[in-house]
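One structure is given here, and the rest of the page talks about it.
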Amino acid sequence: MAELVEFLPKEYGYVALVLVLYCFLNFWMAAQVGKARKKYKVFYPTLYASEAENKDAKLFNCVQRGHQNSLELMPIFFILMILGGIRHPIISASLGAIYVVTRFCYFKGYATGVPENRLNIGKYGFLAILGLMICTISFGIHLISA
């Protein structure tokens, strides 16, 4: 373990902290889905409410989709942060923090029941992902050329 820590730049700690911050955001979103299940009476194991059976289906489904979409993108975000952060820890941590904020805004906008609201600020998260991709590409090229 000591060899790994010596290999990583000390600034890599910021990368780790941003990843944990995203985990907290994910837990918070999951709690919001749980509250929406109670409020709109959508019980497990139902993943999405049926509009034919529940008048509030769209409202619940928007909360559920906001969280589900964040879960779908989480592996991509994590691997780009972990790899890109090795060579560019400060840039990656900064882009990661931006991504976390935009994911929060994406979720809050989606949870309004108007799906288009997720894009007001949430759409900028893809710029953070693009930046993380560039950091990871730089890391890969650096490894190949070393």
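Can you give me the P(r) profile for the range 9-145? Cα pairs, bins 10 angstrom wide beginning at 0, each as a whole percent. Calculated over all Cα pairs of the range 9-145, the distribution is 13, 37, 27, 15, 6, 1 percent.
Between D56 and I144, the simple spin-label model (points 7 angstrom out along Cα→Cβ) gives 5.3 nm. Rounded to the nearest 20 debye, the dipole size of the chain about its Cα centre is 660 debye, using +1 on the Cβ of Lys and Arg and -1 on the Cβ of Asp and Glu.
Spin-label pair F27-T46: with each label point 7 Å from Cα along the Cα-Cβ axis, the two points sit 2.9 nm from one another. Taking the centroid of alpha carbons for each part, the range 63-137 and the range 31-52 are 25 Å apart. Model label points for I90 and L17, set 7 angstrom from Cα along the Cα-to-Cβ axis, are 1.4 nm apart. Residue-wise HN-Hα couplings along the range 23-29, as the Karplus relation 6.51 cos²θ - 1.76 cosθ + 1.60 with θ = phi - 60° gives them from phi, are 4, 4, 4, 4, 4, 5, 4 Hz; Gly and Pro carry x. Quote the FRET efficiency, to the nearest 0.05, computed for L130 versus K39 with a Förster distance R0 of 41 Å and r equal to the Cβ-Cβ distance. With R0 = 41 Å, the Cβ-Cβ based efficiency is 0.70. A straight Cα-to-Cα reach below 16 Å connects K35 with the aspartates and glutamates D56, residues fewer than 8 places away in its own chain not being considered.
Computed from the coordinates by the stated procedures, all read-outs in this text should not be read as laboratory data. Here the structure is a predicted model, which is why all the values come from computation and not from measurement. Cβ: placed from backbone, ideal geometry, glycine included. Neighbour counts: every protein chain shown.
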